[in-house]
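A quick write-up on the structure given underneath.
The values are calculated or read from the model by the stated rules, or taken from the named source; none is laboratory data. From a predicted model like this one, the values you see are computed outputs, not experimental measurements. Quick reminder, even Gly has a Cβ in these numbers, built from the backbone with ideal geometry, and neighbours come from all protein chains shown.
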Amino acid sequence: MPKDFYKTLEVDKNASKEEIKKSFHKLAHKYHPDKNKGDDKKFKEINEAYQTLSDDKKRASYDQFGNADMGGASYGGNPGGGFGGFGYQNANGEMEFDMGDLGDIFGDFFGGGGRKQSVRRGRDISTEIDLSFEDSIFGVKREVYIKKQSVCDTCKGSGGKPGSKMDTCKICNGNGQLREIKRSILGNFSSVKTCETCLGSGKIPSIKCENCNGEGVYRKEEKLNITIPAGVNSGEMIKMTGQGEAVRGGNPGDLYIKMNIGKHSTFKRDGLNLTMDLSIKLTDALLGMTYKLKTLEGYNIDVKIPEGINHNDLLRVKGKGVPSTRGRGDIILHIQVIMPKKLSRSTKEIIERLKVEGI
């Protein structure tokens, strides 16, 4: 009796290729023999069904005749067709399986994928910048000099002497990739890795660049223009993507910049607000006054100190704090009333009269 591949993959006969692939991945993960409660027989049936229904010609033949032309291979695990064209015999008569669409599935169990190739990446680096309190609040542009692994200025990263030809890599025969065979309980599985000689390009320089000795990168000092955004905190890290160390045949790493912020003589930071202690005389606390406050921008503004203000009261000056995308914070004044240490006789007499009046 012909096998119902649609039923095996739990899809409708009118299912799209994407629906078939999605169901296949789900079931393959579920029944993989290396998983707990996996089913080797069921796993092979699922793969057999997928190899037919994912191929337009095989699917059309299967829909019409209940069979598929698989180049002489038969279903059910016979030599040459055990995995529906997914498997093949090597020179020693052993079954091998191309990872193909199963790359991401088998990668979970064998430590690598069939078609997914990792891209080489340069090293991440870090540095520190000292900022004044004002620059941390309003932002600033800075120039930083960093010694790091950079793309060679002479060969532009190719590793070859300018004007020389690039030869075909003999290790991978110009493919840029090498096939590996991994043994498992299901047979031998093949995977592909990047050639370490040509780093995936398939070419190697006939004459090495003298500046970098064929590496395509070398160590040098570079000047970077950095924009420090407004409102950064001390210890905060700024990431500059792609400004780390370079690597031939891959992508550069990232640069992380740590902010070291100096102290201010008057203000401290509290989130988006600036705080300061304001010391006033007792008479100013009793009668009120106008205080000239120097802002971070360097100009003075008048702040009204109301009559009868108490020690440790807070006054808020709106919109003069730390800038942000949500607006600007405030300046908060922490009132410190200075009590006189010595009183003259006349002053004491005045206070005594105030005491009699209940003040």
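Could you list, in sequence order, all residues of segment 16-30 that are surrounded by fewer than 19 Cβ atoms within 10 Å (Cβ to Cβ) and either touching a residue at least 12 places away in the same chain (Cβ under 8 Å) or not in a loop (DSSP other than H, G, I, E, B) (or both)?
The answer is Lys17, Glu18, Glu19, Lys21, Lys22, His25, Lys26, His29, Lys30.
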* To do: Could you please find all residues in segment 247-284 being within 18 Å of Val317 (Cβ to Cβ) and of a type in the set (A, V, I, L, M)?
  => Leu272, Leu274, Met276, Leu278, Ile280
* Go through segment 276-307 and give me each residue that's loosely packed, with under 10 Cβ neighbours inside 10 Å and at positive phi. => Gly298
* Asked: In segment 317-326, how many residues are farther than 17 Å from Asn300 by Cα and without any contact (Cβ under 8 Å) to a residue 40 or more places away in the chain?
  -> 1
* Asked: Among the residues of segment 145-166, is any buried (at least 19 other Cβ atoms within 10 Å of the Cβ), hydrophobic (A, V, I, L, M, F, W, C), farther than 30 Å from Pro229 by Cα and not assigned by TED's automatic domain parsing to the domain that holds Phe43?
  -> yes
* **Subset of segment 158-179 that is in contact (Cβ under 8 Å) with a residue 40 or more places away in the chain and assigned to a strand (DSSP E or B) - its residue that is farthest from Glu210 (Cα to Cα)** => Gln177
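Yes or no: Glu221 surrounded by fewer than 18 Cβ atoms within 10 Å (Cβ to Cβ) and touching a residue at least 40 places away in the same chain (Cβ under 8 Å)?
Yes; evaluated as a whole, the condition is true for this residue.
Here is a yes/no grid of residues against (1) over 34 Å from the mean Cα position of the chain (by Cα); (2) modelled with pLDDT under 95:
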| position | (1), (2) |
| --- | --- |
| Asn251 | no, yes |
| Asp277 | yes, no |
| Asp284 | yes, yes |
| Ser324 | no, yes |
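Can you go through Met259, Met276 and tell me which one is among the aliphatic types (A, V, I, L, M) and under 18 Å from Val140 (Cβ atoms)?
Met259
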* Structure fact -> Residues of segment 197-222 being farther than 15 Å from Ala246 by Cα and part of a strand (DSSP E or B), in sequence order, are Lys203, Ile204, Pro205, Lys208
* Could you check, for segment 311-319, whether at least one of its residues is part of a strand (DSSP E or B) and over 30 Å from Ile228 (Cα atoms)? => yes
* Scope segment 180-196; condition modelled with pLDDT of 80 or more, of a type in the set (A, V, I, L, M, F, W, C) and part of a loop (DSSP other than H, G, I, E, B); matching residues -> Cys195
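For segment 2-37, which positions are over 35 Å from the mean Cα position of the chain (by Cα), at pLDDT below 85 and on the phi < 0 side of the Ramachandran plot?
Passing the criteria: Pro2, Lys3.
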* Residues of segment 234-248 being within 25 Å of Cys212 (Cα to Cα) and among the hydroxyl-bearing types (Ser, Thr, Tyr), which ones? -> Thr241
